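> This is the structure I have questions about; it appears just below.
The values are calculated or read from the model by the stated rules, or taken from the named source; none is laboratory data. Treat the numbers as computed from the prediction; the structure is a model and nothing was measured. Note: ideal-geometry Cβ built from the backbone for every residue, glycine included; neighbour counts use all protein chains shown. To get the accessible areas, we keep the full protein, side chains included, count just its heavy atoms, and leave off ligands, DNA and RNA. Shrake-Rupley method; radii C 1.70, N 1.55, O 1.52, S 1.80 Å.
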Amino acid sequence: MQLLGLYVVVFLKCFLGVFGQQVHPQHNVADLHWKPATATWYGSPDGDGSDGGACGYGSLVDVKPFRARVGAVSPVLFKNGEGCGACYKVRCLDKSICSRRAVTIIVTDECPGGYCSNGNTHFDLSGAAFGRMAISGENGQLRNRGEIPVIYRRTPCKYPGKNIAFHVNEGSTDYWLSLLVEFEDGDGDVGSMHIREAGGTEWLEMNHVWGATWCIVRGPLKGPFSVKLTTLSTGRALSAREVIPRNWAPKATYTSRLNFFH
């Protein structure tokens, strides 16, 4: 029943999204200016972070290139899920224990309460990522500090050797198609998505549902599908022709031949 309820909620969000579209400003994703924030850590001290997360990446967070680079962020950076996939450099400030090295993290989750509430800019990092901000041999001591002041800035995501992939979410049918974007270089985030059916000329708009999930209610939809992705931060666009085959299946992942850096 809980699973059925989830499908109903996701379907309604996808359907209602047809009636509204947001317009986002464009700017350079690479930010040269450091900004103040706070940071904590979760999980085991040397752990890679938790499974899954509010972005919906599932088991991807346990393997490279996500492994040990995952982070939960406060709502101001999570942006109702549209901040999923964005990359940030985070560095701590106490020279007695912090190195000058920044860690790069990928937004995979949201931390909605506690340190992350009241409009605060906060990063809740994996134990491994948090410890890497320390000088050699002081990883444990830094983690013992709990909440610490940090500085952060946006940075382009880099996935060497990886092309953008599209995961077809469980429950997808010929009338309700739900996709998750993986391994997006550059901005990392998604501002809009469209699909084009086999033999079609029209790009059909998908709707943001939750996390990094987008869907479309229409049908029957006929593959193979081409997918056009436009980033949230800079409005860059990429089109993967017939990346999802005619005989597509739910829970399958289809890799394109493209990415923003190659």
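Residues are listed down the side, and each one gets a yes or a no for (1) open to solvent by 40 Å² or more (accessible area, probe 1.4 Å); (2) touching a helix residue (DSSP H, G or I) at 6+ places or on another chain (Cβ under 7 Å):
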| site | (1), (2) |
| --- | --- |
| 114 | yes, no |
| 118 | yes, no |
| 127 | no, yes |
| 134 | no, yes |
| 140 | no, no |
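> Can you name the residue in the stretch 110-140 that is assigned to a strand (DSSP E or B) and closer than 20 Å to residue 54 by Cβ and is also modelled with the lowest pLDDT among such residues? Steps first, answer last, please.
Looking only at the stretch 110-140, we keep the residues that are assigned to a strand (DSSP E or B), and these are 110, 122-126, 134.
Filter again for closer than 20 Å to residue 54 by Cβ, leaving 110, 122-126.
Numbers: 110: 94, 122: 97, 123: 96, 124: 94, 125: 93, 126: 88.
Per the stated criteria, the residue is 126.
> Among 153, 143, which is part of a strand (DSSP E or B) and basic (Lys, Arg)? Show your work before the answer.
Values: 143 fails: part of a strand (DSSP E or B).
None of the others qualify; the one that does is 153.
> Among the residues of the stretch 156-194 satisfying the criterion of being over 16 Å from the mean Cα position of the chain (by Cα) and in a strand (DSSP E or B), which is surrounded by the most Cβ atoms within 10 Å (Cβ to Cβ)? Outline the logic, then answer.
Kept after step one, since they are over 16 Å from the mean Cα position of the chain (by Cα), are these residues of the stretch 156-194: 160-161, 170-177, 194.
So of that shortlist, the ones also in a strand (DSSP E or B) come out as 176-177, 194.
Numbers: 176: 19, 177: 26, 194: 18.
Selected residue: 177.
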